[in-house]
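Here's the structure, in structure tokens; my notes come after.
The values are calculated or read from the model by the stated rules, or taken from the named source; none is laboratory data. Computed from a predicted model, the values in this text were never measured in an experiment. As a convention, Cβ positions derive from the backbone with ideal geometry for all residues, glycine included, and neighbour counts pool all protein chains shown. Accessible surface is based on the protein model in full, side chains and every heavy atom, while ligands, DNA and RNA are left aside. Shrake-Rupley method; radii C 1.70, N 1.55, O 1.52, S 1.80 Å.
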Amino acid sequence: MIHAKNTKPLKSCRQAGIETDTDSRQTTAQPMIEMFPSSCDTFVALPPSSEGQRVIFGKNSDRPCDEVQEVVYILARDYGPEEKVECTYIEIEQVAHTYAVVLSKPAWLWGAEMGANEHQVCIGNEAVWGRESADGEEALLGMDLV
């Protein structure tokens, strides 16, 4: 791996000089530049700042440039009192009712980057940097909460 000194964080494969084959999601043999952590940005524009009294919600992501992102629609559903939900790494108790949602999510995990439910509630996942390391046990991811 080539480490570039005195460089700003890179946010895309193009900026990193990595070519991506979108069909196979494989990168071609190019020098790799270390990608430093950056963060997501979420915004909302409310009337009167938006045209036509619309609410605009947007988000960018600091996910890897070649990670497959899915947009999925999940129907509202009722659950029994003993049902569980399998999240990315752990299983938790399921709520009695979930609302219909549209989510944008990495294909490999259960949670999502952002989404909106049938009641027009929008949410975006944001990275939070802490000073303490995780205890090493598997737990919910921030995206599992979206």
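Rolling a 1.4 Å probe over the protein heavy atoms of the range 69-146, with every protein chain left in place, gives an accessible area that is 55 percent carbon and sulfur.
Between L140 and Y79, take the C-beta separation as r, use R0 = 30 Å, and let me know the FRET efficiency to the nearest 0.05.
On the way: r = 18 Å, r/R0 = 0.60.
Using R0 = 30 Å, I get an efficiency of 0.95.
The residues R63, R77, sorted by heavy-atom accessible surface at 1.4 Å with ligands and nucleic acids left out, run R77, R63 from largest to smallest.
For T88, the residues whose amide H sits under 5 Å from its own are W110, G111, L141, ignoring neighbours fewer than 5 places away on the same chain, with H placed 1.01 Å from N.
Length gained on full extension, H119 to I90, computed as 0.36 nm times the residue gap minus the Cα-Cα distance: 7.7 nm. Ranked from largest to smallest solvent-accessible area, with a 1.4 Å probe on the protein heavy atoms, H97, H119 come out as H119, H97.
With R₀ fixed at 30 Å, the C-beta to C-beta distance from S50 to V128 puts the FRET efficiency at about 0.60. For the range 82-99, 3J(HN,Hα) computed residue by residue from phi via the Karplus equation (6.51, -1.76, 1.60; θ = phi - 60°) reads 9, 6, 10, 10, 8, 7, 4, 10, 9, 9, 10, 5, 8, 6, 5, 9, 10, 8 Hz, glycine and proline entered as x.
What shape does the range 44-112 take by its C-alpha gyration tensor, where a ≥ b ≥ c are the square roots of the eigenvalues and a/c under 1.5 counts as rounded, a/b above b/c as prolate, and the rest as oblate?
Values: a/c = 3.13, a/b = 1.44, b/c = 2.18.
Taking the square roots of the gyration eigenvalues as a ≥ b ≥ c, the range 44-112 is oblate.
If you take the Cα centroid of the range 97-146 and the Cα centroid of the range 52-66, the two points sit 14 Å apart.
Solvent-accessible area of K84, all protein chains in place: 100 Å² (probe radius 1.4 Å, heavy atoms, ligands and nucleic acids excluded). Modelled spin labels at R63 and W110, positioned 7 Å past Cα toward Cβ, are 1.7 nm from each other.
Taking 0.36 nm per residue of sequence separation and removing the Cα-Cα distance, the F43/E70 pair yields an extension gain of 7.6 nm.
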